[in-house]
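Following: one structure in structure tokens, then a few remarks.
The values are calculated or read from the model by the stated rules, or taken from the named source; none is laboratory data. All of these numbers come straight from a predicted model, not from anything done at the bench. All Cβ positions, glycine included, derive from the backbone under ideal geometry; neighbour counts span all protein chains shown.
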Amino acid sequence: MGHHESNYEPKWGIAKWFDERLPVARMVSDQFIVFPTPRNLNYWWTMGMVLFFFLVIQLITGIILTMHYIPHEAMAFNSVEHIMRDVNWGWLLRNMHSNGASFFFIAVYIHILRGIYYGSYKAPREVLWIVGIIIYILMMAAAFMGYVLPWGQMSFWEATVITNLFSAIPLVGDFITHWFWGAYAVSQPTLNRFLSLHYLVPMILVAFVFIHIWALHVVGSNNPEGLAVKSSDDTLPFHPYFTMKDMFMAIVFLTIYAFFVFYMGNYMGHPDNFIRANPLVTPAHIVPEWYFLPFYAVLRAIPDKLGGVVAMFGSILVVAALPWLDRNPIRSLRYRPWARFFFAGFVATAVLLGFLGSKPAEGWYVHASRVLTAYWFIYFLVIVPIMSKIETKNRRMPGSITDSVLGRHGVIPEGATSAPAKQ
């Protein structure tokens, strides 16, 4: 990975022996210690380390919780209560895992929005972007299946509603739905399958994380100015400059996370999920976890079942198409004021859709969801391509990453035009 020349020198005989046969230490040094990194990266670039911490937390706590969980419709709910009350430190493990999912999604949403704002999806980082979206989809799948396992009222009915959506797919929809169920309704076989998949999907996710890191180290990190690395002066070794910055942000996130784990462990859960699942009693209002709410609002905004499913999945896939929708040679929205304005509208749309997804599908909530859903797709399919063609003027940009650090300006990226900046 990477294109820089290795300067790793083993200091001990056994280290040299291993380096000649299995150069793991050399790889770690080259890719995670001396790896040349753009020197102007800001704190928005620290989410990768935060996500790594939460991935590790989720894997460790999930494996331990599985040792005590019973995937049986008559015992699953009680087994979760047993973990909380009787297992040594079980309450801590459960709170860490359930809240860890929420903080995992908070970090990944920041990570995605940063990538959109600074143009991290543009060539040569298209594969990096696509792999990132695949990781996000795998996260959603793992989180959905994990939410079903406590077998509370909201778990059961969310599983019923979401799996029923697949039945709208022509020809194969009923087959897929019944495969997920393992029966003719959400029941014991469903619980078994969801536990297996909830255990399997994170392992696939880990594999894609390694691919994501590999792809990043092949093309290198983007930077706030969207400029290419032109010389060694534009970069710094990853350690200690950026490891310290990453660790600081990780500590900030983990501190807030610890507050929720110890003092507000159930704050992000739904009250109905503390009631045992009952197929004969439907909750007054079925809502998924908060990180699914924008897409749930998109789903309900379309009156047709198949149309809603297509819109919901399309709202995710259209983000993956950004590298081909935005052809503007200027990467960073720092130098594209109109694109920045519409991006702010997109962020507001995502937040408002999340709010509407938590409300009943009635009255003005549905009408507002339709308007915002329309803007979501218009932003990606209309506004982004148009802005990429007409917004080529910008204030003068730094000639290099080093110039951006020193505050010097004066170079325009290839394919863009600009009027002289006022001195």
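Annotations for the structure displayed:
- Scanning the range 304-331 for residues that are within 19 Å of G132 (Cα to Cα) and of a type in the set (G, A, S) yields G314, S315, A320, A321.
- Unique match (being under 30 Å from I330 (Cα atoms) and over 25 Å from the mean Cα position of the chain (by Cα)) among L236, L227: L236
- Per the listing S358, S332, the residue uniquely outside the structural domain of F105 (by TED's automatic domain parsing), within 29 Å of L191 (Cβ to Cβ), within 22 Å of the chain's Cα centre (by Cα) and hydroxyl-bearing (S, T, Y) is S358.
- Condition check for W151: buried (at least 20 other Cβ atoms within 10 Å of the Cβ), more than 30 Å from S388 (Cα to Cα) and in contact with a Phe, Trp or Tyr (Cβ under 8 Å, 6 or more places away or on another chain): yes
- Test: Y121 is within 17 Å of the chain's Cα centre (by Cα) and in a loop (DSSP other than H, G, I, E, B): yes
This table checks each residue for (1) closer than 30 Å to V351 by Cα; (2) at pLDDT below 95; (3) touching a strand residue (DSSP E or B) at 6+ places or on another chain (Cβ under 7 Å).
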position	(1), (2), (3)
F77	no, no, yes
N88	no, no, no
H97	yes, no, no
G115	yes, no, no
S120	yes, no, no
E126	yes, no, no
V131	yes, no, no
I134	yes, no, no
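- Extreme residue, modelled with the highest pLDDT, among residues of the range 379-409 that are small (G, A, S) and assigned to a helix (DSSP H, G or I): S388
- Of the criteria (1) over 30 Å from N99 (Cα atoms); (2) part of a helix (DSSP H, G or I); (3) in contact with a Pro (Cβ under 9 Å, 6 or more places away or on another chain), which one L236 fails: (2)
- Verdict on V186 being crowded, with 16+ Cβ neighbours inside 10 Å and either over 22 Å from the mean Cα position of the chain (by Cα) or of a type outside the set (G, A, S) (or both): yes
- Within the range 244-263, considering residues that are over 21 Å from the mean Cα position of the chain (by Cα) and free of Cβ contacts under 8 Å to residues at least 60 places away in the same chain, the one nearest to T46 (Cα to Cα): M244
- The number of residues in the range 340-382 being β-branched (V, I, T), farther than 17 Å from V319 by Cβ and touching a residue at least 60 places away in the same chain (Cβ under 8 Å) comes to 1.
- Residue that is farthest from T392 (Cα to Cα), among those in the range 334-378 that are assigned to a helix (DSSP H, G or I) and among the hydroxyl-bearing types (S, T, Y): Y365
- Number of residues in the range 312-348 that are under 30 Å from T282 (Cβ atoms) and surrounded by fewer than 20 Cβ atoms within 10 Å (Cβ to Cβ): the value is 3.
- Looking at A250, A215, just one residue is in contact with a Phe, Trp or Tyr (Cβ under 7 Å, 6 or more places away or on another chain), surrounded by 15 or more Cβ atoms within 10 Å (Cβ to Cβ), more than 30 Å from R396 (Cβ to Cβ) and at pLDDT 95 or above, and that residue is A250.
The rows are residues; the columns are (1) touching a Lys or Arg at 6+ places or on another chain (Cβ under 7 Å); (2) at pLDDT 95 or above; (3) under 24 Å from K389 (Cα atoms).
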site	(1), (2), (3)
V287	no, no, no
L299	no, yes, no
L306	no, no, no
S315	no, yes, yes
A321	no, yes, yes
W324	no, yes, yes
P329	no, no, yes
L333	yes, no, yes
F341	no, yes, yes
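- Tally, over the range 264-273, of residues that are more than 21 Å from the chain's Cα centre (by Cα) and surrounded by 13 or more Cβ atoms within 10 Å (Cβ to Cβ): 5
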